[in-house]
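Input: a single structure, listed below in structure tokens.
Values in this text are rule-based calculations from the coordinates and carry no lab data. Keep in mind that this is a model prediction, so the values were computed, not measured. In this analysis, Cβ positions are derived from the backbone assuming ideal geometry, glycine residues included, and neighbour counts consider all displayed protein chains.
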Amino acid sequence: MQIARVVGTVVSTQKHRKFEGAKLLLVQPLNLDDTPRGNTLLAVDGVGAGIHEKVLVVLEGRAAGEALGRKAAPVDAAIIGIIDTVDVRESL
């Protein structure tokens with residue numbers, strides 16, 4: 001899983017039948033200090049996330065599809081949670 005921020009939406013009127021009714025969002029992976037890390041990803045939203053929200057993203061194709069209840073769907077990334085807070089404590 002990765003922490004990311006929703007940065008945009010994608011509208012697709014023609015898509016694979018497994019994605020009918022699915023919301024597609026652009027997410028930017030983040031470091032723990034909220035700075036961008038890597039490239040923006042296209043993810044299928046499974047939790048009703050919105051723009052600027054911090055989310056949990058799973059990046060394994062099979063796990064992403066199953067998390068969405070869309071087995072055998074061609075999914076690379078899925079939003080599976082909306083993050084309320086992140087608490088990072090330094091180890092002693």
Could you calculate the contour length gain from THR9 to GLU90, that is, 0.36 nm times the residue separation minus the distance between their Cα atoms, to one decimal place in nm?
-> 25.6 nm
Counting other beta carbons within 10 Å of each Cβ, put GLU60, GLU20, GLU53, GLU90 in order, fewest first.
-> GLU90, GLU20, GLU60, GLU53
